[in-house]
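Student: Quick one: the structure is below, and I'll ask about it shortly.
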Amino acid sequence: MGAKSKLWKYLGVIGLSIGILAGCGDSEASSSSKNEITFWNPFTGPDGKNMQAMVNEYNKTNPEYKIKNVSLKETDMYTKIPTIVNSKKNIPDLTIVHAERIKQFKDNGMLTAYNDLLADFPEIKADNYVAEAWKIGELDSERYSIPLDIHTFGLYYNKDLVDKYLPTALDDNIVTFDEIKQVGEQAQKDKIRALGVTWLKPNFLSLYAQNGGELTEDGIQPTLVNQAAKDTFNLWRDYVKAGYTTKDGEDPTQMFLTGKVVFLPEGIWMQNQIKESKINWGLTNAPQLSDDLSKAVNWSSSHQFVMFKDDSRSEEKAKGVVEFLDWVRDNSMEWAKSGQNPATLSLLENEEYKAMPQSFFLATPEQQATLKIFDYKYNGYVSELLDSKAGDVVFSKTETDKALEDMEKEISAKVEKDNSNN
């Protein structure tokens, strides 16, 4: 995922399209030379510069296998991958994918496990990574990915407006929906909106989990027609109707940056844009139903390093891949500067990192426990439909019950066509 200000506009196209795929002929994305590791990633935004800087720094250490950094548009990269793996030609040696895709890639027989390689790298282990980012790469006792980061959807707030409308809201570093309602009732007279309606997928999923919702019960079929999903959508609908939120068609980010919105749910990757504004801002947990941190849920995802199957990749080159990953584990400050939270726990001792706003998500075991990556194998299909339909539900263009029924049917139909269930 590139860290772009309008991320939700393109991140929804996350489901794998195994059957209908575009070709792949980029010369820059071809297979690597003998002593070069081709590294594909979807970092085409400002974060791409941070990744290139990391690669440059690693290559200066004069490793046996240098890294060739290839940044591709996210949708293009995910379209190319199945075609290339199936063709057994020009397969990248190392690739960054989103955590939610790993199960489907693995079940389609596309990934190489790291287990044998990690025997020579004892520090690449669970104890040295954020648990939520580490565990998603472990499937059937095999390790299929190594985490780069864990990126989270939190809540930016205008400190001056909070002080004006509800000074106690941040006393516990949690803003509840009840507190947002209180702010909304006070702020309306000044034509200030309490809450921005931003990227609805993480907004929905965070609240859905707080309501006790699960995306699947059996790991295959989706479960969206339930009370938790209805309560989640209806809370947002009610806040829109009450005038607490931004309206359909308005730009919540721009309104926040100009002091017209009090609370902006957004990703930690947005902070570089927010830093450029003149407002007095802070960053905290996503909106919660409870002020009890042990019940808090912060939607998260993770960029993960994987190796797609390639019979021509030598054991020596594969070891060179893991040498790079081992280096990244202790050299990820540059990635933190892009606004992300690297998954390595070693940074928690770094004073520069601890001063960064996003670091509080990892600061304590209790705060780390709030991070939730939805590991449903078909999370991509859920994401696609939430991105295309959630807005109509929240802005009351579609009834909640009908939207959830339609979404579940569409996801089920896509699941039935997936090759990995055969």
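Student: Out of the residues in segment 114-142 that are open to solvent by 30 Å² or more (accessible area, probe 1.4 Å) and part of a loop (DSSP other than H, G, I, E, B), state the one that is nearest to GLN188 (Cα to Cα).
Tutor: That would be LYS125.
Student: Considering only residues of segment 274-333 that are of a type in the set (Lys, Arg) and more than 24 Å from the chain's Cα centre (by Cα), which is modelled with the lowest pLDDT?
Tutor: Across segment 274-333, the extreme among qualifying residues is LYS278.
Student: Count, please, the residues in segment 241-277 that happen to be in contact (Cβ under 8 Å) with a residue 60 or more places away in the chain, in a helix (DSSP H, G or I) and either open to solvent by 30 Å² or more (accessible area, probe 1.4 Å) or among the β-branched types (Val, Ile, Thr) (or both).
Tutor: Residues meeting the conditions: 7.
Student: Within segment 70-77, is there a residue that is crowded, with 21+ Cβ neighbours inside 10 Å and part of a loop (DSSP other than H, G, I, E, B)?
Tutor: Scanning segment 70-77, I find at least one residue that is crowded, with 21+ Cβ neighbours inside 10 Å and part of a loop (DSSP other than H, G, I, E, B), so the answer is yes.
Student: Considering only segment 337-386, state which residues are in a helix (DSSP H, G or I) and among the acidic types (Asp, Glu).
Tutor: GLU349, GLU351, GLU352, GLU366, GLU384
Student: When you go through LYS409, LYS397 one by one, which is the residue that is assigned to a loop (DSSP other than H, G, I, E, B) and open to solvent by 60 Å² or more (accessible area, probe 1.4 Å)?
Tutor: Going through LYS409, LYS397 in turn, just one is assigned to a loop (DSSP other than H, G, I, E, B) and open to solvent by 60 Å² or more (accessible area, probe 1.4 Å): LYS397.
Student: Being open to solvent by 10 Å² or more (accessible area, probe 1.4 Å) and in a loop (DSSP other than H, G, I, E, B) is the filter here; which residues of segment 93-109 pass it?
Tutor: Hits for segment 93-109 are ASN108, GLY109.
Student: Given the criterion among the hydroxyl-bearing types (Ser, Thr, Tyr), assigned to a loop (DSSP other than H, G, I, E, B), out of contact with any Gly (no Cβ under 9 Å at 6 or more places or on another chain) and in contact (Cβ under 8 Å) with a residue 40 or more places away in the chain, identify the matching residue among SER290, SER294, SER300.
Tutor: SER290
Here's the yes/no breakdown for (1) buried (at least 18 other Cβ atoms within 10 Å of the Cβ); (2) within 24 Å of the chain's Cα centre (by Cα); (3) at pLDDT 95 or above:
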| position | (1), (2), (3) |
| --- | --- |
| PRO42 | yes, yes, yes |
| LYS49 | no, yes, yes |
| GLU57 | no, no, yes |
| LYS66 | yes, no, yes |
| THR83 | no, no, yes |
| ILE91 | yes, no, yes |
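The values are calculated or read from the model by the stated rules, or taken from the named source; none is laboratory data. Computed from a predicted model, the values in this text were never measured in an experiment. Methodologically, a virtual Cβ is constructed for each residue, glycine included, from the backbone with ideal geometry; neighbour enumeration extends over all protein chains shown. In case anyone asks, the SASA skips ligands and DNA or RNA and just uses the protein heavy atoms, side chains included. Shrake-Rupley method; radii C 1.70, N 1.55, O 1.52, S 1.80 Å.
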